[in-house]
Each structure stands twice: as C-alpha cells, then as structure tokens.
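Let me begin by presenting the structure, written as structure tokens, before commenting on it.
The values are calculated or read from the model by the stated rules, or taken from the named source; none is laboratory data. A quick note: this is a predicted structure, and the numbers were derived from the prediction, not measured. Positions of Cβ are backbone-derived with ideal geometry, glycine not excepted, and every protein chain shown enters the neighbour counts.
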C-alpha cells in the first residue's frame, strides 16, 4: 500500500511539473479499430477488411464510401481521386480528379450511327457538333477512342464545358477555315487529352476569340495553324504542337493573356511561312508566360522559326534546337529576352540574358518526334531556381513531378 501511495504521489508531481513547465499532455495515439464486419466500423473508416480484422476507408468490393473529390478506392484501402476514365462508372474522370455523373455527359463516338442524337453512353452521337447541341446542355463531353469527322466548323459560344477524350481519340473536319472556335466573354472551355488533326487550308484547328480556354495534354498536328489567339486568356500545357503548316501557335492580339508551359513544338511552319512554332505579337496582356517548352525542327521564312516574340517579355527555361543534319537557321526573332534556356544549331547569336547556353540538349530521338531528354542532358536540374510551380508547371507532360531546380524544357527526367 505504501509503495502504491508513493508511486501515486510521484505521478501527481510529474503531471504538476509538466503543467508548470507548459508542456501539454499529448493524447494517446489512435488505436486501430478491430472488426468482424462493417457494422463494427465507425466513420471515417466504415468498411471492415475482414481478412485483417481492421476498419478501413474502402475495399475493392465495398467502395461506396468513396465519393466526391475522392471517388476511387486505392490498393491501400484509402479513397483517392480518379486518374483514368476507367476508374469511373461513367467512364469520365474529370481534370480535378472527380468522376462525372453520367447524366452530365454527352458521349461522342465517330463510329456511332448518324441517326443517333441522344449522345448518351448507351447511344453516343457521332459528332462533337451534335454533343454541343444537346438540350439541355451538358457540362461535359466525352470523345471516345477513334476518329470523329466533323463536316463544318463549330463555335463554342459563352459555354462552360469540359471536353475529355479516350487515348487515341482524334477530331478532324472536312473543309477549310478555322475549325473549333471558342467565343464570347463568358466562355470557359477545357479540352483534355484530345487530338485535333488534319484540318485543311490555312485556318486554325483551335481559335480562341474571347473567354478562357485550357488545352491540357492535347495533340494539335498537321493543320494550317495549330492554335490561334485573337483575344481572351489561353492556357496551353503538357501538349504536343506538331507539323502545323503555317504556325504552331499564333498569339495575334496584344491584349490577350497566355500561359504556355511544358509543351513540345516540333516541325511546325515551312520555309515560306511567316511563322514557325510560336508567334507572339507585341504582348501587353495581363498574363504573358512562355516557359519549360521544348522546340525542335521548326521552320519559318525570314522570322524566328522557334520563337518570334515582340515583348518586352522574359521567356524562361526553354530548350530550342534546329533539326540535326540541317543547316542552322534563324530560330529566334523579336525583342523578347531569354533566360535559363539552352539553344542548339542556331544561326542567331546566343541571345543576351541570364544563364543562357549553347549546347546539345540531348533529346532522345528528335528526328522521330521523341523530345524526352537523356539523363546526361545539360538541361537536367538547370532551370531557374525561382521557377513558379503551379497547376500548369508542377507536372511535366508525362505526369512526372518537377524537382527543384527543375529540368529545362518540357520533360522532367525521373
């Protein structure tokens, strides 16, 4: 008894001393809840993993508790965001990691019957034109794998819409002129994972006139002009702009905003075209950003084949190269400043600016379109240490997270 009293007094003294010293008592660590069935499991772990007799957020057989921003049950039995369309019962994973409600989606399949107009998952329509015309309007359009052929240009006017696509989905159009037009100050359009290709004539595959347009992980190839901006705000990220005959990207309006981050520009323009990969006309918009892009084998007649930029702007962290085996041509023109960039096979003098270099960027196979960089590339870890990491730049075009300092160009070595 005496020993117990002494032990008790010592415990009281210890607690008192901790209180006097301002040391808070820490709560005991949470204990895993043992279970025989899900009835034994309270939130936030409402499912019993019977084989291990413990409560978890979800299992592959019981994932109903995974909803909202975390709709998918991961292998570690936690709820997480979707990463692929196949993660969702609607077959639509939205850019923010949520699964779309099937009733909110207009489905497009180029192989669908021309008589189908419901644009449901069970009865998709055969053209984007029909999906945009469905009444009441649906906020999401899903383009399934395969070729979708439109027979006219299409305007997305004052709409808020997200267009997503399966791997291998390609949108094209017969005829000439600008194809997919985003118009109206209230337009808020996102296009993700879709290829827009083989638009004939000198028009643009995608034309932003007003509003806001996000192009993420898209492929814009073999058109007259890839993307043209006449106003509004463009965000172009993690995409491939390739072999567009008259220009890859043309920003025509000097008051337009643009953020062009983490893209490949390959083989755009021709020896007689005014522009090659990127043309920026006297940029004075509220946001003007071009960084972490890779350029190879672009052409233009008399202007910069890779970047023709009237500023004043500072363009950072870009890899710019002419074609291997071809005579060096003029890759840069205009009065913009370049920083933390690498230039190769350049007929121009190395541009003045901070930390610019003339070196081989060591693309893996540029002649065949592979602008990943080798581990030995001088671009590795050489980007501006002050580079902004945000929703556009934190991941490279393969989904690899950028380190700090990042690699120069569109690719981040793993």
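Results, tabulated for the structure shown:
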| quantity | calculated |
| --- | --- |
| Selected residue (only one of 293, 368 is buried (at least 18 other Cβ atoms within 10 Å of the Cβ), within 25 Å of residue 413 (Cα to Cα) and out of contact with any helix residue (DSSP H, G or I) (no Cβ under 7 Å at 6 or more places or on another chain)) | 293 |
| Condition broken by residue 388, with the remaining ones in (1) in the same structural domain as residue 271 (by TED's automatic domain parsing); (2) surrounded by fewer than 20 Cβ atoms within 10 Å (Cβ to Cβ); (3) in a loop (DSSP other than H, G, I, E, B) satisfied | (1) |
| Out of 141, 199, sole residue that is surrounded by 15 or more Cβ atoms within 10 Å (Cβ to Cβ) and in a strand (DSSP E or B) | 141 |
| Scope the stretch 118-138; condition part of a loop (DSSP other than H, G, I, E, B) and closer than 24 Å to residue 187 by Cβ; matching residues | 119, 127, 134, 135, 136, 137, 138 |
| Test: residue in the stretch 158-165 that is surrounded by fewer than 20 Cβ atoms within 10 Å (Cβ to Cβ), in contact with a helix residue (DSSP H, G or I) (Cβ under 8 Å, 6 or more places away or on another chain) and assigned to a strand (DSSP E or B) | yes |
| Residue, nearest to the chain's Cα centre (by Cα), within the stretch 261-281, restricted to residues that are closer than 22 Å to residue 312 by Cβ and assigned to a loop (DSSP other than H, G, I, E, B) | 277 |
| Sole exception among (1) crowded, with 22+ Cβ neighbours inside 10 Å; (2) not in a strand (DSSP E or B) for residue 206, by number | (2) |
| Sole exception among (1) assigned by TED's automatic domain parsing to the domain that holds residue 255; (2) in contact (Cβ under 8 Å) with a residue 24 or more places away in the chain; (3) over 28 Å from residue 286 (Cβ atoms); (4) touching a strand residue (DSSP E or B) at 6+ places or on another chain (Cβ under 8 Å) for residue 350, by number | (2) |
